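The values are calculated or read from the model by the stated rules, or taken from the named source; none is laboratory data. These figures come from a predicted structure and were not determined experimentally. All Cβ positions, even for glycine, are placed from backbone atoms using ideal geometry, and neighbour counts span all protein chains on display.
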Amino acid sequence: MIRQELAAEKGISVSLRTVERAVEGYRRELLAEARATVRFETAPGKQMQLDFGERRVEIAGEKVKAYLLVATLGYSRRLHVRAFRNERQESWFDGCETAFLQFGGVPEEVLIDNARALVERHEGRQVTFNAKFLAFAKHWGFRPRACAPYRARTKGKTENGVGYGKKNAIACRTFESWAAFEAHLAAWVREVADVRVHGTTDEAPIERFKAEVDQLKPIAGIPPFRAARDLVLVVQNDCAVEIDGNAYSVPWRLVGERVRVMVTAETVRVFHSSREVAQHEVHPGCRQRAVDPAHFEGLTGWFAASSPMRT
């Protein structure tokens, strides 16, 4: 194409090799730009990166596909490693929760890849997270982040951790049972991953963690998210959803629509099209109404005084 343009516009005839030599420097620069990754360091307690990797493991004499979840604290590089038989949403949640338990707290944000179980759409800088994942994040109090599409290197700390786990913890090993496999991973984290000198920080993760642990959000008193109920309900004509005999208000424009409701011991959260539209405290009694006046704004004939109970 370049040769054709030179001939048509400048009247210059050159060989293909001449053009290739002329643009060689530009091509190297573009290739380097595409491959370059700017390393960044996160403050203590700022970020945890989370990812899955697959590995065939010999368990009880049979090759089994294991899904290895690795959580990495961005500052200290401490790892949490779990083995699952699948990569479903429940596995993501379970692995994330046990990471919080191991680390003794929750970071400000959790960085993930664009896993289908967690991210519905990612276009440009616009990310639409799965509604249940948003509820999970709110339950634990962290901010979810997703890597840019096709830029998994953004979470290189966990990418490296997954590779490290596959090669160092699993390679060339066999296990009598799945329980033995899980026990081995837990021991490997304590006895190897936590205490080795990290190639980037020049410190053992367990030592560097001393400067990070106090920056994590405490988890005392927070129940497991898996105890929550995940319901799909239809908004009734009274602009509410009914749960355990109590009514919880929803924006009136959603009457007749299906909504997703996450119920924990303390809260009721209502989602529509992956967006949280209502939140209430759980009422322990029966036949009570939890009303947010904002849900009725613009509805003709509704008055705040007409509702006996509000949250």
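Quick rundown of the values:
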| read-out | value |
| --- | --- |
| Residues of region 248-262 that turn out to be among the aliphatic types (A, V, I, L, M) and crowded, with 20+ Cβ neighbours inside 10 Å, as a count | 4 |
| Residue under evaluation Val195, criteria (1) in contact with a Pro (Cβ under 9 Å, 6 or more places away or on another chain); (2) touching a residue at least 12 places away in the same chain (Cβ under 8 Å), criterion not met | (2) |
| Within region 273-302, considering residues that are in a loop (DSSP other than H, G, I, E, B) and within 17 Å of Leu233 (Cα to Cα), the one modelled with the lowest pLDDT | Ser274 |
| Selection status of Gly105, out of contact with any helix residue (DSSP H, G or I) (no Cβ under 6 Å at 6 or more places or on another chain), within 16 Å of Lys217 (Cβ to Cβ) and not assigned by TED's automatic domain parsing to the domain that holds Ala265 | yes |
| For Glu276: the one exception among (1) surrounded by 15 or more Cβ atoms within 10 Å (Cβ to Cβ); (2) in contact with a Cys (Cβ under 6 Å, 6 or more places away or on another chain) | (2) |
| Scan of region 39-73 for residues that are closer than 19 Å to Lys167 by Cα and touching a Ser or Thr at 6+ places or on another chain (Cβ under 6 Å), ordered by number | Asp51, Glu58, Val70, Thr72 |
| Contacts under 7 angstrom Cβ, first residue in region 235-247 being without any contact (Cβ under 8 Å) to a residue 60 or more places away in the chain and surrounded by 13 or more Cβ atoms within 10 Å (Cβ to Cβ), partner β-branched (Val, Ile, Thr) and part of a strand (DSSP E or B), 6 or more apart | Val235/Val241; Val235/Val259; Val241/Val259; Val241/Val261; Val241/Val270; Ile243/Val261; Ile243/Val263; Ile243/Val268 |
| Which numbered condition Val270 fails, given (1) under 30 Å from Ala43 (Cα atoms); (2) in a strand (DSSP E or B) | (1) |
| Qualifying residue in region 228-250 (condition: of a type in the set (A, V, I, L, M) and assigned to a helix (DSSP H, G or I)) | no |
| Residues (closer than 22 Å to Lys217 by Cα and touching a helix residue (DSSP H, G or I) at 6+ places or on another chain (Cβ under 8 Å)) located in region 108-127 | Val110, Leu111, Ile112 |
| Residue that is surrounded by the fewest Cβ atoms within 10 Å (Cβ to Cβ) [pool: residues in region 204-224 that are touching a residue at least 60 places away in the same chain (Cβ under 8 Å) and not in a helix (DSSP H, G or I)] | Pro218 |
